[in-house]
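Presented below is the structure to which this report refers.
The values are calculated or read from the model by the stated rules, or taken from the named source; none is laboratory data. Because the structure is predicted, anything quoted here is derived from the model rather than measured. Positions of Cβ are generated from backbone atoms using ideal geometry, with glycine treated the same way; all protein chains shown enter the neighbour counts. Protein only, heavy atoms only, side chains kept; ligands, DNA and RNA dropped before computing areas. Shrake-Rupley method; radii C 1.70, N 1.55, O 1.52, S 1.80 Å.
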Amino acid sequence: MSFADFPFLKYLANTVDIILVWYVIYKIITIIRGTKAVQLLNGIFVILIIKMLSDYFQLQTLGWMMQQVIQWGALALIIIFQGELRRALEQLGRGKFFSRSVIQEHELQEQLVESIVKAVDYMAKRRIGALITIERETGMSDYIETGIALDSKISSELLINIFIPNTPLHDGAVIIQKTNIAAAACYLPLSESPFISKELGTRHRAALGISEVTDSLTVVVSEETGSISITKNGDLHRELKLDAFREMLSSALITPSTKQTTSSKWSWKGKKNE
């Protein structure tokens, strides 16, 4: 006697099987999300499309090349995604693969925003220059490697200490991954836009530069004026008041579905550099 003798049980088993597979795929996506693995996956899809087109149009040489790439693809994936695979196995060993509720995620996001706001408020009042980049969807591993690795839980006190003048880590950018400070003293690409105001210094140019090549959110505190700025998607929003700054961070970093005070758009009146 087997499941085949009980159609209902077979249907139930198939449903559970599909749900479990879907959940595992979802967790894998959340693990690689925010890393360059996402871009590599896009490259894999391009290779598959090229292979199908070469078969359809009977492009034998190109088809053979794509077949070799696909044939050795499994080994290549293990090598390319070794960091993500290691992270997934570590989470599985710690029992965190199936954990972390929406409420926990919301609390961590709120803590991140409040830590940054508190630190920026302190530094702006004392005109301590700062450059803080927050990783989002696009991975920033290449830029993290240019700095000093920290992998520390974020706190306002730690951020302030990093940017105190004449300390070893104050020169450069802090890069935040999720709720951790990944590295400090990182080098960011400078924007080459001819439309940037001449009064802006290296920090603002670096903030604009990284916003042009990634979807990160970058906070700048001016050493000369103490003004607060944010760059996103190649745009510079200058001289923000603290309340507007907090609202912009919350809108960008706190998941809309979990936010207690929902705001789908950035409601601020800051100046925009043309």
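Take segment 126-161 and flag every residue that is more than 19 Å from GLU247 (Cα to Cα) and part of a helix (DSSP H, G or I). Once the filter is applied, which keeps residues that are more than 19 Å from GLU247 (Cα to Cα) and part of a helix (DSSP H, G or I), segment 126-161 yields SER141, ASP142, TYR143, ILE144, GLU157, LEU158, LEU159, ILE160, ASN161. Residues that are farther than 27 Å from GLY139 by Cβ and either open to solvent by 60 Å² or more (accessible area, probe 1.4 Å) or in a strand (DSSP E or B) (or both) within segment 197-227 comprise LYS198, GLU199, GLU223, GLU224, THR225, listed in sequence order.
Figure legend. Inter-residue proximity from segment 147-159: first residues under 14 Å from ALA130 (Cβ atoms) and loosely packed, with under 13 Cβ neighbours inside 10 Å, second residues hydrophobic (A, V, I, L, M, F, W, C) and at pLDDT 90 or above, beta-carbon distance below 8 Å, spacing 6+ or different chains. Indicated pairs: GLU157/ALA119. LEU190 passes every criterion in (1) at pLDDT below 90; (2) open to solvent by 40 Å² or more (accessible area, probe 1.4 Å) apart from (1).
Only residues that are outside any helix (DSSP H, G or I), open to solvent by 100 Å² or more (accessible area, probe 1.4 Å) and at pLDDT 70 or above were counted in segment 58-102, giving 2. For SER191, the conditions (1) assigned to a helix (DSSP H, G or I); (2) polar (S, T, N, Q); (3) touching a helix residue (DSSP H, G or I) at 6+ places or on another chain (Cβ under 6 Å) all hold with the exception of (1).
Residues in segment 228-243 that are buried (at least 18 other Cβ atoms within 10 Å of the Cβ) and either assigned to a loop (DSSP other than H, G, I, E, B) or over 15 Å from the mean Cα position of the chain (by Cα) (or both): ILE228, SER229, ILE230, LEU236, HIS237, ARG238, LEU240.
Does ARG127 qualify as being open to solvent by 50 Å² or more (accessible area, probe 1.4 Å), touching a strand residue (DSSP E or B) at 6+ places or on another chain (Cβ under 9 Å) and at pLDDT below 90? The answer is no for ARG127.
Taken over segment 203-255, residues that are of a type in the set (Asp, Glu) and farther than 20 Å from LYS125 by Cα amount to 3.
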